[in-house]
Each structure stands twice: as structure tokens, then as C-alpha cells.
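K.L.:
Take this structure first; my questions come after.
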Amino acid sequence: MRVPWKWKVTRAADLEEVADRADYPCVTKPILGHLGRSGDHRTRLARDPSELRGQVARALDDGVAMLVTEHVLGGRRTWRPW
């Protein structure tokens, strides 16, 4: 069974590597969801490296560690983070 890829981004130095290696679109979300609410760092779709960098950099600036994960499409009831 294939498992979606994911990276934990806790510092700016990790962000460039993840942005360069990720497949797009991908999903960004706070590692600890309750911390993401304070700065509106919720689950979002990143369509390209620029969006990924912007979303994750803003969260890191606010002290919120993020996950970057593969965007997996589902069936009719697919949840869409946009």
C-alpha cells in the first residue's frame, strides 16, 4: 500500500529543501492544529513552490511548525482545503 509523502518543517532552513522536492499541488497544515488558529495558519493547498514558501514562512515566523503533505484526491466526498 502506498503511503502519501510528508515533511515536517520546523525551521526556515528546511523550507527551501521541501519547496524544491515537493510535488504540486500539496497541502500545508500546522503540526499542532490548535496553535495554527492564532495566526490563521490552517490547512491550505499550495499550488506551486511560491505558495508553499509563503504559507509555511508566515507560520514559522509566528512560531507554528508545519507539515507539508501530498495532496491525495478522493471520491465524490473529497474534502478540499480551498
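K.L.:
With the requirement that a residue be among the charged types (D, E, K, R), modelled with pLDDT under 95 and closer than 22 Å to residue 72 by Cβ, what does region 33-57 give you?
P.N.:
42, 44 - these are the residues of region 33-57 that are among the charged types (D, E, K, R), modelled with pLDDT under 95 and closer than 22 Å to residue 72 by Cβ.
K.L.:
In this structure, is residue 25 of a type outside the set (A, V, I, L, M) and at pLDDT below 90?
P.N.:
no
K.L.:
Condition first: touching a His at 6+ places or on another chain (Cβ under 7 Å) and in a loop (DSSP other than H, G, I, E, B). Now tell me which residues in region 1-27 satisfy that.
P.N.:
25
The values are calculated or read from the model by the stated rules, or taken from the named source; none is laboratory data. Model, not experiment: these values are computed from the prediction. No Cβ is skipped: glycine too gets one built from the backbone with ideal geometry, and neighbour counts run over all protein chains shown.
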